[in-house]
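Asks: Take this structure, written in structure tokens, and hold onto it; I'll ask about it next.
The values are calculated or read from the model by the stated rules, or taken from the named source; none is laboratory data. As the structure is a computational prediction, the values presented were derived from the model and not from experiment. Cβ sites come from the backbone with ideal geometry, for glycine too, and all protein chains shown count toward neighbours.
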Amino acid sequence: MEFTSKEFKVGNCEGQKLVDGETMPLVLQPNNNNDVESLLVVLEKNKEWFKQMIIDKSAVLLRGFNVRNAEDFNDIVETVGWENVSYVGPAPRTNVHKRIYTANEGPLVQPINFHHEMAVIKGYPKNVMFFCEVPPPEGGETPIVPSFRVAERMVEEFPEAVKEMEEKELKYTFIAPAQNTQSFTGGGWPAMLGTSDPVEAVKSSAVVRALFDSSTSGLPRFCGSEALPFCTSECLADRHRWSPEACRPLVQSSNWQRESGREKFGKGRPRQQRQWKVRQWKAVESEVMEGGAVGGELVKKKGGRERWRVGGRRRAKVLADIDIEWLSNGSAKMSVAQMPLTKVFDGRKGRKMWFNLVHYMYAKNQINSTMMDGTEIPEKVVKRCVEILEEESIQFKWEKGDVLFLDNLAIQHGRRPSLPPRKVLVAMGN
């Protein structure tokens, strides 16, 4: 798509690159008024055009619109109109305002490796948006990488290794501590899974997997104040005060339907289809919630409530492809299996994306990546991948008020070490 709009003018930023004939990132500046209110009017008027522009250009930077704070950023995100996707993972983040969170709160001296957001989870967001409220005095860039270029070069240099990894698929293993740590992946498993109870953690991870895999579960997304962060519009409007207990009766009452790709509660489906949804939910619930899927013994808590107690290193298989092993020190060893090396997404020119975390999780102290059958990934392949990511990277210096839109299916991003202060906020959507 050629860039054509009377509402914006094309700008420049230091560090831009020409990638396959496209300038990345595309910088859009105000053509007339430079206030947030005018930007919101323009985005509302050109919403579909703007969304397609992000797909076609992969990275779009709005600069010069005097975006002031999280409230302004949230207005921009909601005007564009994507459905909210909440973060799931180990990175420390804090909700600032409605859909807006802090970006990774790990120490600024630590770099963050390139990655597609939430790539190990089936519910990864299609779009990631960043807002710079306080630019750092030095460093702190959010570099980006066109993922197809990494895939092209890896196939050129290691055709046999790439083919083997694509055929066998990948397995990621990471150890989540019982307590948060001071790092960019510092979230302990209680923070990741929303509970400090091992049994509830297994249930949460199972439900997370079921909810993400809409092709098999067909369940609506819901969250909970401290648990499953997947929001219906009703839940979002209520500031995440819903809980699995509150949502489950709604699901089981058959009052759920899917309209135009959006998940809603209502009475729009024929009786037979509604009953099928209920049976499907109960099938998942029986596998996830019953103690037989966890192992252990039934014990009584105060007040007469029953729960399942899990022993020291008891292993719990969760929906066949997530494995949790409780270690003696209270940590949780988690394995995510059958993950792809590359992906091809609709609307992205048939490009093969390097949609994996091989370089991110390779042979480190607490995390590792291998092929599904246990075959080790050659070290030279991983090292060269890291070099290619760096060679293909694009980075610009943040300016106050910048808003960066990324196509998460096509772009990897990271973070450079920084001097304080630095305040970058994030939102995600589909």
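Asks: What tally of residues in the range 60-116 results from selecting those that are in contact with a His (Cβ under 6 Å, 6 or more places away or on another chain) and buried (at least 19 other Cβ atoms within 10 Å of the Cβ)?
Replies: 1
Asks: In the range 359-410, which residues are among the aliphatic types (A, V, I, L, M) and over 29 Å from P136 (Cβ atoms)? Before the answer, list the steps.
Replies: Within the range 359-410, the subset among the aliphatic types (A, V, I, L, M) is 361, 363, 367, 371-372, 377, 381-382, 386, 388-389, 394, 403-404, 406, 409-410.
Result: A363, M371, M372, I377, V381, V382.
Asks: Got a sec? Which helices (runs of 4 or more DSSP H) wholly within the range 113-198 have at least 3 residues that are modelled with pLDDT under 95?
Replies: Details: elements: 147-157, 159-168, 189-193.
Ranges flagged: 189-193.
Asks: Then there's this: Restricting the range 86-112 to residues that are of a type in the set (D, E, K, R) and at pLDDT 90 or above, which is nearest to V128 (Cα to Cα)?
Replies: Among those that are of a type in the set (D, E, K, R) and at pLDDT 90 or above, it is R99.
Asks: Looking at the range 1-67, what strands (runs of 3 or more DSSP E) fall wholly within it and have at least 2 residues that are touching a strand residue (DSSP E or B) at 6+ places or on another chain (Cβ under 8 Å) and within 18 Å of N430 (Cα to Cα)?
Replies: Details: elements: 8-11, 17-19, 22-24, 26-30, 59-62.
Because the criterion is at least 2 residues that are touching a strand residue (DSSP E or B) at 6+ places or on another chain (Cβ under 8 Å) and within 18 Å of N430 (Cα to Cα), the strands (runs of 3 or more DSSP E) in the range 1-67 that meet it are 59-62.
Asks: Go through the residues of the range 29-42 one by one and say whether even a single one is within 25 Å of H116 (Cβ to Cβ), out of contact with any Asp or Glu (no Cβ under 7 Å at 6 or more places or on another chain) and at pLDDT 95 or above. Outline the logic, then answer.
Replies: As a first pass, look at the range 29-42 and keep what is within 25 Å of H116 (Cβ to Cβ): none.
No, because not a single residue in the range 29-42 is within 25 Å of H116 (Cβ to Cβ), out of contact with any Asp or Glu (no Cβ under 7 Å at 6 or more places or on another chain) and at pLDDT 95 or above.
Asks: Might you check whether a residue that is crowded, with 20+ Cβ neighbours inside 10 Å, of a type in the set (S, T, Y) and more than 15 Å from M371 (Cβ to Cβ) occurs anywhere in the range 164-174?
Replies: no
Asks: Select from the range 68-97 the residues that are assigned to a loop (DSSP other than H, G, I, E, B) and in contact with a strand residue (DSSP E or B) (Cβ under 7 Å, 6 or more places away or on another chain) and list them in ascending order.
Replies: Those that are assigned to a loop (DSSP other than H, G, I, E, B) and in contact with a strand residue (DSSP E or B) (Cβ under 7 Å, 6 or more places away or on another chain): N69, W82, E83, V85, Y87, P90, R93, T94.
Asks: Let me ask something additional. Regarding K51, is this residue assigned by TED's automatic domain parsing to the domain that holds K17, out of contact with any Asp or Glu (no Cβ under 9 Å at 6 or more places or on another chain) and at pLDDT 95 or above? Walk me through it before giving the result.
Replies: On the way: assigned by TED's automatic domain parsing to the domain that holds K17: yes; out of contact with any Asp or Glu (no Cβ under 9 Å at 6 or more places or on another chain): yes; at pLDDT 95 or above: yes.
Criteria met by K51.
Asks: Now for a separate question. Given the criterion over 25 Å from I55 (Cα atoms) and in contact (Cβ under 8 Å) with a residue 24 or more places away in the chain, identify the matching residue among D373, D323.
Replies: D373
Asks: Same structure again: Let me confirm something: among I377, I388, I324, which residue is buried (at least 17 other Cβ atoms within 10 Å of the Cβ), touching a helix residue (DSSP H, G or I) at 6+ places or on another chain (Cβ under 8 Å) and either in a strand (DSSP E or B) or at pLDDT below 85 (or both)?
Replies: I324
Asks: Right, next: For residues that are more than 27 Å from the chain's Cα centre (by Cα) and either small (G, A, S) or outside the structural domain of H413 (by TED's automatic domain parsing) (or both), tally how many sit in the range 11-48.
Replies: Total meeting the criteria: 3.
Asks: A further question follows. Does E138 satisfy being surrounded by fewer than 21 Cβ atoms within 10 Å (Cβ to Cβ), in the same structural domain as V358 (by TED's automatic domain parsing) and over 14 Å from L409 (Cβ atoms)?
Replies: When the stated conditions are applied, E138 does not pass them.
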